[in-house]
1. By how many nm would the segment from T45 to E79 lengthen if fully extended, with 0.36 nm per residue of separation less the alpha-carbon distance?
2. Name the long-range amide H neighbours of A59: under 5 Å, sequence gap of 5 or more, or other chain; modelled H, no Pro or chain starts.
3. Need one number: nm distance between label points at S7 and Y27, each 7 Å from Cα along Cα→Cβ, rounded to one decimal.
Amino acid sequence: MTSTNSSRLTFIVFTAGCIALALLLAYAPAGESAPKYVKGPAPQTLQPTRIAIDNEAHAIRFFVDGKQVALLDASGFKEEEATESTK
């Protein structure tokens, strides 16, 4: 590719980019559009998943969404009863 062809290609690509940008700005929506969803009360926030160490009982408790789901103590790992949402 000669330098003339390279300069011409660069000019064409630059010009095409400018035209595309001008079209984008000309046909872009102006201002804020109407919300696409109904604003209502916020859903109840869930508590984070956490692990609690109980030194007095020598146990480790596992919590998901604020509910204890398992317990690890000297006798082993115990899962709590499954709730309706986890069945």
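1. Answer, rounded to one decimal: 9.8 nm.
2. Excluding prolines and chain starts, which carry no amide H, the hits are D54.
3. In this crude label model, S7 to Y27 measures out at 3.4 nm.
Readers should treat all values here as calculations from the given coordinates under stated rules, not as data from a laboratory. Remember, predicted model here, so these are calculated numbers, not experimental data. Cβ: placed from backbone, ideal geometry, glycine included. Neighbour counts: every protein chain shown.
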